[in-house]
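Beneath this line is the structure, given in structure tokens, with notes to follow.
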Amino acid sequence: MDKKPLIIANWKMNLLLNEEVGLAKQFAVKLERFAEKAEVVVCPTHLGLIEVSKILKPTKLILGAQDMAWGENWALTGGVSAGMLKDAGARYCIVGHSERRRNLGETDDMVNKKALSAISHGLTPIICVGESLDERQAGKKEVKVISQLKAALKNIKGDQPTVISYEPIWAIGTGIPAEPSEVALMVELIHQTLVDLFPLDLIMKNFRIIYGGSIDSGNIGDFLKLRYVVGGLVGTASLNLEEFTKLVQVTKLSK
Ligand code: 13P
């Protein structure tokens with residue numbers, strides 16, 4: 001398993017196709033030289049996957065998807081399966097992002113089905129977990145994250161690459177990241193939960209834990225210094241070429 005720092009650009013629903021193509025082309029030019037030191041994954045919309053795949057293919061940058069459906073060849077209107085994402089050139093897929101859990105009612109069970117389906121097709125799932133502000137204020141963040149994680153990992157053997165992204169909901173898109181000290185406690189808890197579920201050698205080999213929530217070039221280094229944090233899931237800052245380039249550059253130097 002590649003233990004380079006992992007930086008994932010999640011463009012969410014922000015760009016039209018020509019804008020995704022334009023930004024991907026600029027990423028290919030600017031970020032390729034850092035790709036020996038950092039693994040950079042770009043997640044466009046489903047509509048952008050094919051075109052962005054063509055742009056990234058000759059580079060060391062990697063294609064990821066923002067979401068997927070589970071199963072294959074069944075009557076799910078609007079669904080895009082893991083097999084389809086693989087076919088389009090994706091190697092990673094985000095599952096269980098809080099924006100989908102909150103706005104679309106995605107459940108732990110659905111996230112688990114997606115993660116299992118991703119793994120069975122050779123896609124690496126990026127499983128998102130994280131508490132809301134209310135849960136944090138009520139002292140329930142640990143319980144919440146452990147239960148999300150255990151549910152998402154149900155029936156997963158741990159023998160395939162899997163990424164866990166700790167993304168406290170209150171830190172997403174706010175410009176106010178979690179304090180590194182708080183992230184340190186939560187990722188330790190996530191690591192400990194993995195230890196409860198899988199043999200240590202499989203954890204070391206296959207699992208990576210990253211942080212997400214208002215990451216920028218000024219704070220990524222603080223998160224990468226933390227034990228257990230090996231990368232970041234980046235929203236807003238990944239839409240800005242200069243800022244994201246700086247962020248990847250800092251990453252290369254930080255871990
Ligand atoms: P921001 O970087 O905009 O806070 O978004 C984080 C996120 O949700 C990444 O998936």
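The values are calculated or read from the model by the stated rules, or taken from the named source; none is laboratory data. Keep in mind it's a predicted model, so treat the numbers as computed, not measured. Ideal geometry is used to build each Cβ from the backbone, glycine not excepted, and the neighbour counts take in all protein chains shown. Heavy atoms of the whole protein, side chains included, go into the accessibility calculation; ligands, DNA and RNA do not. Shrake-Rupley method; radii C 1.70, N 1.55, O 1.52, S 1.80 Å.
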Ile209 vs. criteria crowded, with 22+ Cβ neighbours inside 10 Å, in a loop (DSSP other than H, G, I, E, B) and within 15 Å of the chain's Cα centre (by Cα): no
Within region 59-85, the count of residues that are part of a loop (DSSP other than H, G, I, E, B) and out of contact with any helix residue (DSSP H, G or I) (no Cβ under 8 Å at 6 or more places or on another chain) comes to 7
Of all residues making up region 22-42, the number that are crowded, with 17+ Cβ neighbours inside 10 Å and assigned to a helix (DSSP H, G or I): 6
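Table: residues versus (1) free of Cβ contacts under 8 Å to residues at least 40 places away in the same chain; (2) in contact with a His (Cβ under 8 Å, 6 or more places away or on another chain); (3) more than 16 Å from the ligand (Cβ to nearest atom).
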residue	(1), (2), (3)
Tyr166	no, no, no
Gly173	no, no, no
Ile176	yes, no, no
Met186	no, no, no
His191	yes, no, yes
Val195	yes, no, yes
Ile203	no, yes, yes
Within region 212-222, considering residues that are near the ligand (Cβ under 10 Å from one of its atoms) and not in a strand (DSSP E or B), the one farthest from Glu99 (Cα to Cα): Asp216
Checking the structure you have, find out if any residue of region 109-125 is under 17 Å from the mean Cα position of the chain (by Cα), open to solvent by less than 20 Å² (accessible area, probe 1.4 Å), under 30 Å from Lys57 (Cα atoms) and within 12 Å of the ligand (Cβ to nearest atom). no
